[in-house]
Structures are given as C-alpha cells and as structure tokens.
C-alpha cells in the first residue's frame, strides 16, 4: 500500500483509465518496441516514394572494400617483402614444411616410393598393402581399447577395400594424417600462449570468433592465391578450419588444472618449460584429447570442400560426381568419407578416454611380450610386402572382387523419380509458393534503415549500449558493402530452416529427455548425424529435389537438427532433481511438471541450443551455394571460382556478422534469463 | 627447553587482494581494521601476520575457512606474492630473492603437501615421488632409488607401479607426503593434508605423521581447520581469524590462557586433561616428604589424563620429577580430580 502512494500521480490516473496502458507504462521496453514496430510498419508501407535510399542502398554510396582487398592481396604476393625474404618466399617455405611429410605419408599409404620424375618414375618400394593397413588399424584398436573397437575399425577399413574406395581413401587419410597433427600442435602452442598471457587471449578471441563464423569458401580464396591449387593449400585451409576449437579447448583445459597441481609445480621448482610440458599439459590431457577429436572431425568435414582447391582423394570423387550429377558415384565416395569419419572418431574418442595403463606386476623379458602389437604389425607389413611382389592381390585388392553400389543408387533415384515425382514436386511447390517465396519477398522489401535500427533496439533491450552499438555497426557494414539483398536471402533461408529444425528437434528433445531408453536411441542417432561431413547432406537432397532453395533448406534442416535436439534434452535432463521432486510433491501432473517446472528452468539451455542451431545453419547454408542458392554463400563461391580474394572475404565477413549478431543477442537473452532464475 | 634457532620468521606480512592494494597499504600506518579494507574494495586475506617458526618444531596454523591460513602458508613459499612484510628463511629475506634463487630454494629446501594430494595423474607412484628430483635433472637411476627409499618410509612399498587413481585417499596422501620428502627439505609445509580424508583414516595418518617427525625432525608448518588436530600435533599453534593472528602459543597456553573470546570459543569444549600437563595442577613440594612417603613419581611433562589413573589409585601425593630427575613439586589426587571435573 505504502508504495502505491509513492508512485507518480499520472501513473495512477492512467491505471484507472486503462489496464493496458498501465501495463505498458510500467514496462518502458515493451512500450518502446510497440512504438518502434509501428513506426517501422508505417515507414515500410508508405516510405518508399519519400525515401527510396532507405530501401535500396544507392550504388554511389557503396564502399568498394572488396576490390581494395584483392589489390592488397596481389601486392602481397607480387611485391611485399620483409627485408630478408619476400612474402612469396615465406609461403613457399611454409608450403615446403607441409609438403615434405605429406609426400612421405602419401608414399607409404598410396603411391609407394618412386624414383625419377613424372611418367618415367619407377616404384622402388611399394606402399603398404591393404592387408597391412587393415592389420595395423586392428592392432591399434586392440591397443587403445578392446576387440569391439578393433572390429569396428577393421570393418570400416575393409569396407573401403571391398567397395573399391581404397586408393582415394588412402590419399584422404594421408592429408588427414598431416593436417591433424600439425593443426593440433599449432593450436596447442597458440592455446598455451593464450593461457600464459591475458593480453594474447584478448587478442585472439575475436579472431577465433571470426574463424569459426566466416564461411570456409571465403578463406579458400586467399589460401588458393597464396599456395596455389594443390594438396598443400587444401591442408592449410583444413588447418585454419579445424584449429579454433582446439585453441579454445587448450586454454580452457589448462585453466581447469587444479590450483594445487600448479602450486606443486612451483614448489618443486619447475622452470616455465617444465611447468608447461611436465605438469600442465599432462594433467590437462583428457580434455585436450577432446580437442584432438574435434580437430579430426572438422578436418574430415573439410575433405570435400578442400578438394575445391586441390585435395585429391574421396573429397575430389564426391565433388566430381556431384558436378556430373552422378548420384551413385557421389554417394559411394560420400559414404566412404562417413565410414572413415566414424572410424577415426571412435578411435580418437577411445584414445581421449584411455586412462594410463594399470600397474604391471612384472616387466616382460622379451621384445615380443613387451610390444606385442608393434611386433605383430611389423611382421604383417614385412610378410605382405614380400608376398605382394609375387602375388599382386596381396599388394592391391583385386579389382574383380570389389563391389560397387553406384548403379544401385542410380536405380533407386530413377525409381523414386518415376514413382514419386509428382508427390515430391507438389510438396516442394506448395511449400515454395506458400511459405518460402512470400517470406523472401517480405524480407527483401524491408527498408534496411528500419532493420538496422530495430536490431539496435533489440541490442539495447538485451544488453544496453554496447550490444546495441555492435548490432547496428555490424548490420550497417553489410548495407554499406552493398550485400544487403544477398544477406536478406541468407537470413530468409537460415530463418526458415532454423524454425523448422526447432519445430522438429525440440519436441524430440523433450520426449527423449523424459525417457531414458528413447534418449539412448536418439543420442546415437544425433551423434551419427554429427559425424557426417556437412557435404554429405547435399547428396540425397539433390537426388530427391534437384537444385534450388528448397533443397538447400532441407539439407540445412537436417544438418542443424542435432543441436536443437541435444540442447533441449540436455537442458531438461539437468534440471535439479530436487526441484522436480518438489513439483511432484506439490501435486503436478506430468504435463504440469514439464511446462511449469522443467521447461521453465531449461529455457536458457534451450536458447543456447537455438543459438547453435543458427550457427550450424549458417555454416551449412554457405555450402548449399553449390546447389544453387542465391545468397551470401553463392557470393563467396563466385569469388572462389574467379579468384577474387576481396569479394570472397567481404561476403564471408557478412555471413560472420549475421552469425555474431544472432549469437550475441541470444546469449545476452539467455544470460538475463539465467540470472533471473538464479541459475548463475 | 633448549634454545632453538629461528628457522622461518614472518614479520608483519600482509596480503590484500584487489586493485590498488599496495598503495592502500603504503599510505596509512598499517593498523587497518578488516572494515577499512572492505571499504577500500579490497579483500584482506592476511593482515599483519608475524610468526616465528623454530627449527625442528611442529608449528600449526589453525583457522576456519576464509581465515587466510592457506594464503599465509602460500606467502611463506611465495606461491602468492605478499603485499607487504618480510619473510626470513634462515635469515634470508625471501621477498628479495630473485625468481632463480626462489627456484633453487624450493627445489632443495622446501617441501609441500597439498589438501587434495595434487598427484600427477599420468605418473605412477614411483614417478610422482621422483618428480621433484626429475625436475632438478637428477639421473633416472639415482632418483628412482631415492624414491623407493621414501616410498618404503611411508609404507607404500609394493605400490610403486600403481597410478594415483588406483589408490585410496589415504594412500594417495602418503604418496603426496613421500613426494614432498624426496628432496629432504628443511622446511616442510603441509596444507590441510588430512582434511580430505575420512575421520578414521585421518587419525591413522596423524599418528603416521608424528612417527615420521620423530624420525625426521623437520621444521614443519602445518595448516588445519580442525582444532583437535591442531592441539594433537602441535608444539605451538597460531589461531587465525579474518586474516589476522589472534594468538600464538602452546596448546596448553591456548586452553589455560585464551587471548580472545574467539580462541576461548574453540578451547571451551577441549578436554583439559588431554592438553594440560601435570605441572599446571602441581603444588610446590614441601621441604619434608609427606607422611608415608610419595605414592610414586610422575614426569613433569605428562598430561593429566595420562597420569590420572595412576595418581587416583592411591590416597597419597605423587612426586613430580623434572627433566633432570629433580623433584619439582607434588600432585594430589584432589587436584587431579578437580582438573578432570572441569573437563
């Protein structure tokens, strides 16, 4: 009572006049939103004749930064010098450092050691036979974990043999075998620097943000210009793509090392180097291995894309098939990548979880018992190496024994198209006409100035001036480089896909969270989904719906589904069990328990799931440029094919800006929500 | 008691956390109360702590969580840089030592045991114990031989090839103790070494610790939040509260003459008979031996509780004998009973 009398008089008057106004006056943000949206609506409807520039950004005002970057890049390659050496010499040196070990691994796994050049080359030492490689992976599986892992690995590699993907797979494996360790080491060193120096961490964090949000195509161009069209370029691009999470995980893992352990290091008098390599890194190893797993998976994700700038192997096969519209061949090679991904994923996960061996009572006396797997592998390599000389089938799997599924896939596509063409086509057309195209038209008709200002308001209401300024500056940057319309197409496709992914994924997540058995099935399913390289999603989609926005949308939804499910289920499952019990004791029905307790508390986590869904959608969307979307992704792809560095980078940065705006807004919202719930 | 050398001296050590801590300390006369410090937006972890640890004694720093005891012990080894003060180790001011000198001092003269063991998960028991020597660059065979000796000393022989995760908590802390002793330190810090163990094991480890000290005679700074542990193990105790030191004294001093209400609060429930020596209840010996002679002899240092049964059995006073065999006083059954009744 006392506090109502303290309120300003006019508020009480409005309160008596209308409850709606009273509600609004107590919530200035809501009021501001209503006024702003109304104003934007009026401007959108009537403003075009008055201020055309606010709808279509005049070309004369455009900032031609793209050309300048391209020019700078040319200068860098042709003229830049660091005194002792030129920039071109620097890139050649890096190139040599990567190429040398790659050639060795490639010789071992695929080509054999050659003498002489080109077609005159003579093989001196053959590569490892397929039997030897399979035997090695089986031994590694046994050594790292158990016979189950071993059987899985052996099965995966035998699949590659039997289905005729061996040669390409070994080329791919060679580049992975170089890109992953190099990427891990470089990322580890950067991460250690970041751990040591707060200043350095502050400097690299935004760079990492950009590296993870700028679409791959954008930096393929400068890499291509610097290193040329060859496997080295592909590995450099792969490393750039795969490193950021490892850098972050390294910093996190080192920070998580208990204070007691670092104190111990100091107390026994460790030097800085000893502290890093004898105390910190070994203690953080389990977490670091999670990072290594990430690097492997991201590298595999890049296999196909990297073949655009010179990687051979399975990725090249997929890309070539896709270009020929040879669906069967594409699927065969695509599945082979998935098989390789599954094998390497399970192997690296097992290595991450592997505890140091248990104590051994006695030291074995002879070398066979001490290193049984190593001895076994050496024996197989030697025996098959010699036997391969006499019988080619041991060296190379006989082609006559391979099985091909290509024609089968081709037949399947033909069958589906003959029998279901009308249904699929009418479904596609209905969605296009009623949802996709109207939404796209609506977004394209919006005045950019209103969108920029509304984003600013959103930023202000969630995170005050800093966020407001960030949103407005980034969105205006997209306007000023003249990519507004393309950006709107990106937002339209991304928005629709995200909504669809959430509509499908969140109910699945909610259901799975309530039922342990269902959860286990769903978890396996989404784990597998996330193992698939993004490119693989395109194949069946193109097969069924051909090229266009609709196909892109389906692929994006499929790719972005996993986080929507995972975060929802995880959010609900991690609600404090005491609160759930409190709800039950208070007499909630299961439905009330879900809506009034669990979902409310899981909301911040679900928001983060939405965030991840958006991030994955954007990264997939760029790749769908290959199936004919007309958005920022296509812009980067065009830049790639014409080697226009600047345009690619600018379009890529625009995608990153969209991602950053969405990320910061959602994060700020989730943080506020969490603070209100007292979860932090 | 023979005069012992001063091994470690802390003079007016301060540790304040927060921006501008040094200028805050510099400008005033350093008699800041905890409230002054809070007002300046700082956290006063250690305030004006002065401690002298004598060679060969067990010096226990006791305080509840947040009292600054862990910060103080970390200041002593410069794991944490004190904001102000002086720390003299064998007369050398550690705060003036260069980083290199500190590394040498830590490598050869200090050992530390941690509350949560801080064992390196990737090394075996042997590797962990030998680790301080490995860091110094000692040859593998030499350091492993040394490690094996200490592992035997702490009773873990046969477990050399085990990994930390394969051991129980008590065993893990034995490894921690062995590791801290590997370099034969002169100064041994134990930071709540038994707090993470369950009560039965804790008791066992305390006995083990006393046994080791009987053999080794190290200078020990022992941190605990457990008052019973403090009076059980300590030669002398410092009680800390809000970063300051409330009282330093022998367990007996604390019980008989608590300096503050805070200390009295701790000692209230302590069984006096276990802490007080017979000297605190003895009367001066009369010139003549009592009628019927003394019932027997007790040493002056014995705790009342330990002598009670013997003295209570006879209705005659007992002679109290000093360290050199001289009669220093007498004690009657009534005096002992009185002390026992007081609790």
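The values are calculated or read from the model by the stated rules, or taken from the named source; none is laboratory data. No experiment lies behind these values; they were computed from the predicted model shown. All Cβ positions, even for glycine, are placed from backbone atoms using ideal geometry, and neighbour counts span all protein chains on display.
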Do we have any residue at all in the range B:40-47 that's surrounded by fewer than 17 Cβ atoms within 10 Å (Cβ to Cβ), assigned by TED's automatic domain parsing to the domain that holds residue B:263 and at pLDDT 90 or above?
no
Requiring at least 2 residues that are at pLDDT 70 or above and either surrounded by 12 or more Cβ atoms within 10 Å (Cβ to Cβ) or touching a helix residue (DSSP H, G or I) at 6+ places or on another chain (Cβ under 7 Å) (or both), the helices (runs of 4 or more DSSP H) wholly within the range A:1-80 are A:19-26, A:28-46, A:65-78
All conditions in (1) touching a helix residue (DSSP H, G or I) at 6+ places or on another chain (Cβ under 9 Å); (2) at the interface with another protein chain (Cβ under 9 Å from one of its Cβ atoms) are true of residue A:253 except (2)
Residue count, the range B:241-271, condition in a strand (DSSP E or B) and touching a helix residue (DSSP H, G or I) at 6+ places or on another chain (Cβ under 8 Å), comes to 4
Restricted to the range B:92-123 and to residues being outside any helix (DSSP H, G or I), at the interface with another protein chain (Cβ under 7 Å from one of its Cβ atoms) and over 24 Å from residue B:60 (Cβ atoms), the residue modelled with the highest pLDDT is B:120
TODO: Assess whether residue B:144 counts as being assigned to a loop (DSSP other than H, G, I, E, B), over 22 Å from residue B:77 (Cβ atoms), away from chain A (no Cβ under 11 Å) and out of contact with any strand residue (DSSP E or B) (no Cβ under 8 Å at 6 or more places or on another chain).
DONE: no
Scanning the range B:302-323 for residues that are assigned to a loop (DSSP other than H, G, I, E, B) and closer than 20 Å to residue B:288 by Cα gives B:314, B:315, B:316, B:317, B:322
Restricting the range B:174-184 to residues that are within 12 Å of chain A (Cβ to nearest Cβ) and out of contact with any helix residue (DSSP H, G or I) (no Cβ under 6 Å at 6 or more places or on another chain), the one nearest to residue B:118 (Cα to Cα) turns out to be B:176
- request: Assess whether residue A:336 counts as being part of a helix (DSSP H, G or I) and either crowded, with 22+ Cβ neighbours inside 10 Å or without any contact (Cβ under 8 Å) to a residue 12 or more places away in the chain (or both).
  value: yes
All conditions in (1) within 24 Å of the chain's Cα centre (by Cα); (2) touching a residue at least 40 places away in the same chain (Cβ under 8 Å); (3) surrounded by 21 or more Cβ atoms within 10 Å (Cβ to Cβ) are true of residue A:554 except (2)
Within the range A:187-206, residues surrounded by fewer than 15 Cβ atoms within 10 Å (Cβ to Cβ) and closer than 30 Å to residue A:105 by Cβ come out as A:189
Quick one: would you say residue A:491 is part of a helix (DSSP H, G or I), in contact with a helix residue (DSSP H, G or I) (Cβ under 9 Å, 6 or more places away or on another chain), assigned by TED's automatic domain parsing to the domain that holds residue A:619 and closer than 29 Å to residue A:341 by Cβ? no
Scanning the range A:641-661 for residues that are part of a helix (DSSP H, G or I) and without any contact (Cβ under 8 Å) to a residue 40 or more places away in the chain gives A:641
Margin query: When you scan the range B:65-77, do you find a residue that is more than 13 Å from chain A (Cβ to nearest Cβ) and under 26 Å from residue B:216 (Cα atoms), even just one?
Written below: yes
If we take the range A:216-328, then helices (runs of 4 or more DSSP H) inside it with 3 or more residues that are closer than 23 Å to residue A:177 by Cβ are A:216-227, A:231-256, A:285-301, A:303-306, A:313-324
Residues of the range B:128-139 being in a helix (DSSP H, G or I), more than 10 Å from every other protein chain (Cβ to nearest Cβ) and surrounded by fewer than 24 Cβ atoms within 10 Å (Cβ to Cβ), in sequence order, are none
In the set A:263, A:317, the lone residue that is free of Cβ contacts under 8 Å to residues at least 24 places away in the same chain and either buried (at least 20 other Cβ atoms within 10 Å of the Cβ) or touching a helix residue (DSSP H, G or I) at 6+ places or on another chain (Cβ under 9 Å) (or both) is A:263
Take residue A:299 and tell me if it is facing chain B (nearest Cβ under 9 Å), buried (at least 24 other Cβ atoms within 10 Å of the Cβ) and touching a residue at least 24 places away in the same chain (Cβ under 8 Å). no
Note on residue A:638: of the conditions (1) under 21 Å from residue A:493 (Cα atoms); (2) surrounded by 17 or more Cβ atoms within 10 Å (Cβ to Cβ); (3) free of Cβ contacts under 8 Å to residues at least 24 places away in the same chain, unmet is (2)
Expected output for the range A:586-611 (first residue under 19 Å from residue A:498 (Cβ atoms), partner outside any helix (DSSP H, G or I), Cβ below 8 Å, 6+ apart or cross-chain) is A:602/A:574; A:602/A:575; A:604/A:679; A:605/A:574
When every residue in the range B:324-343 that is at pLDDT 80 or above and assigned to a loop (DSSP other than H, G, I, E, B) is compared, the one surrounded by the most Cβ atoms within 10 Å (Cβ to Cβ) is B:332
Log entry, pairs with first residue in the range B:227-244 being assigned by TED's automatic domain parsing to the domain that holds residue B:48 and surrounded by fewer than 19 Cβ atoms within 10 Å (Cβ to Cβ), second being at pLDDT below 90 and assigned to a strand (DSSP E or B), beta carbons closer than 6 Å, six or more apart or on different chains, reads B:244/B:47
Picking from B:284, B:317, B:290, the residue that is farther than 27 Å from residue B:247 by Cβ and surrounded by fewer than 13 Cβ atoms within 10 Å (Cβ to Cβ) would be B:284
